[in-house]
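The values are calculated or read from the model by the stated rules, or taken from the named source; none is laboratory data. What you are looking at is a predicted structure, and each value in this text was computed from that prediction instead of being measured. Methodologically, a virtual Cβ is constructed for each residue, glycine included, from the backbone with ideal geometry; neighbour enumeration extends over all protein chains shown. Please note that ligands, DNA and RNA were not included when accessible areas were found on the heavy atoms of the full protein model with its side chains. Shrake-Rupley method; radii C 1.70, N 1.55, O 1.52, S 1.80 Å.
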Amino acid sequence: MILLLIALLQVKAPDAAQFVGAPHGVALQGAALERRTMEVASLLRCPVCQGMSVADSPSTVALDMKAQVRELLARGYTEEQILSYFERSYGEFVLLKPKFRGVNALVWVLPLLALLIGVVLVSMKLRKLELVDGD
Amino acid sequence: MNRPVLFIGTAIAAALIAVLFVGLGNDPQQIRSPMIGRPAPAFALKEVGTGQTLDLQALRDTPTIINFWATWCMPCYQEHPVLIDNARLFGSKVQFVGVVFNDDEASIQKFLRERGSAFPTLLDQQGKTAIAYGVGGVPETFFLDRQGIIVAKFSGPMTTDVLQANLEKAIR
């Protein structure tokens, strides 16, 4: 029994502190902890689902990830630190809201660009039609 | 259709076809993990069967294969003999380690009794180790070089060819 206890005490899973350092925020508990857990988990993509967030997915991986988010918030880790921790392991894929940088910026820029081109083309066409009508 | 519209349409279609073409050329199982090139996250986990703790740090200086699996994962049944055969073949040069997540010890012991075992199998409580390695589904396998750096990751059940090709990167 003592040997088992010693073995269990030696068990050490990888810890967020290894990767994102000490907590920068305030340790949460109670209702605030539950609310923030859902908020932060909703920013993370479930790695085995089709476009579902960790907050919404019933998969075991997502449940483990949500439990880890809760634990990190309870230890005082900030949203930014927690997202960095998951991004470090899973890559930017795990973030449901892509960051505005590099190729990802196209996700934000391209729709606006397409809209702008559309407006220009439509206005050019309208102007041409007006000119024809004017004649 | 006027020329500018045709030009813009062609350019957009060409860009989409190029992206599709590049994507189709990728092997979805050879995942480019952000963990590749980084030190493997440290852990010390309980070994199934013996109850002893295996510390990854103790395996420094030995190329290591970490295989994440579970007894509820069907492809893991297919992969298990490949791992056992190769562990017996390369056991003196490479350390194989199994990490089981989201599972119970009794099921793991039954699995290993029935299907054999040739390397330590560790229990990952609450999936924390799997998360630190960026594991999504099982099986997933990480290849570590002598310095403990992750040099390759394979997602899905490995064949002997796949295992040995990745192993070469770890032994190099």
Between B:LEU122, B:LEU83, B:LEU24, find the one with the highest GNM mean-square fluctuation for chain B; connect C-alpha pairs within less than 10 Å. B:LEU24
Given a 1.4 angstrom probe, I'd like the percentage of the accessible area of chain B that is carbon and sulfur, rounded to a whole number. 57 percent
Could you put B:HIS80, A:HIS24 in order of accessible surface area, largest first, with the 1.4 Å probe and the full protein assembly present? A:HIS24, B:HIS80
Show the residues, 5+ positions off or on another chain, whose built amide H is closer than 5 Å to the amide H of B:PHE96. B:ILE65
Would you mind telling me the share, in percent, of accessible area of the stretch A:1-100 contributed by carbon and sulfur at probe 1.4 angstrom? 62 percent
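Using Stokes-Einstein with the Kirkwood hydrodynamic radius over Cα pairs, what translational diffusion coefficient do you get for the protein assembly as shown at 10 °C and a viscosity of 1.306 mPa s, in µm²/s rounded to a whole number?
Numbers: Rh = 22.2 Å.
Taking Rh from Cα pairs, D becomes 71 µm²/s.
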Probe 1.4 Å - accessible area at B:VAL5, Å² to nearest ten: 50 Å²
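Kirkwood hydrodynamic radius (Cα pairs, Å) of chain A? Show your work: numbers first, answer last.
Details: mean 1/r = 0.0544 Å⁻¹.
About 18.4 Å, per the Kirkwood formula over Cα pairs.
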Mind grabbing the base-10 log of I(q)/I(0) for chain B at q = 0.12, 0.13 Å⁻¹? Debye formula, identical points on the C-alpha positions, no solvent, two decimal places. -0.56, -0.63
Only loop residues by DSSP count here, and only those with at most 13 other Cβ atoms within 10 Å; note down the trypsin sites (Lys or Arg not before Pro) in the stretch A:32-135 that meet that. A:LYS99, A:ARG101
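On a 1.4 Å probe surface of the protein chains, which of B:SER107, A:SER57 comes out largest in accessible area, and what is the full order? Walk me through the numbers before you get to the answer.
Working: B:SER107 45, A:SER57 5 Å².
Descending order: B:SER107, A:SER57.
Of B:LYS46/B:LYS128; A:LYS99/B:LYS128; A:LYS66/B:LYS46; A:LYS66/B:LYS153; A:LYS12/B:LYS46; B:LYS93/B:LYS128, which sit over 19 Å apart, Cα to Cα?
Details: B:LYS46/B:LYS128 13 Å; A:LYS99/B:LYS128 25 Å; A:LYS66/B:LYS46 23 Å; A:LYS66/B:LYS153 24 Å; A:LYS12/B:LYS46 9 Å; B:LYS93/B:LYS128 28 Å.
Those over the limit are A:LYS99/B:LYS128; A:LYS66/B:LYS46; A:LYS66/B:LYS153; B:LYS93/B:LYS128.
Helix by helix, which DSSP H runs in chain B go 20 Å or more along their axis at the Cα atoms and have an average Kyte-Doolittle hydropathy of 0.5 or more? The partial results should precede the final answer.
On the way: long enough: B:3-24 (31 Å, 2.20); B:74-90 (25 Å, -0.05).
The answer, listed by residue number, is B:3-24.
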Whole-Å distance, taken between Cα centres, linking the stretch A:59-75 and the stretch B:101-127: 23 Å
Can you give the accessible area buried between chains A and B, summed over both chains, with a 1.4 Å probe, in Å² to the nearest 100? 2200 Å²
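Calculate how many DSSP beta bridges within the stretch B:29-171 are antiparallel, expressed in % of all such bridges and rounded to the nearest 5.
Details: 16 of 26 bridges.
About 60 percent, rounded to the nearest 5.
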Residues with amide H under 5 Å of B:LEU45's amide H, sequence separation 5 or more or different chain, H placed in the peptide plane at 1.01 Å from N; which? A:LYS12, B:LEU54, B:LEU56
Average accessible surface area per residue within the protein assembly as shown, 1.4 Å rolling probe, Å²: 56 Å²
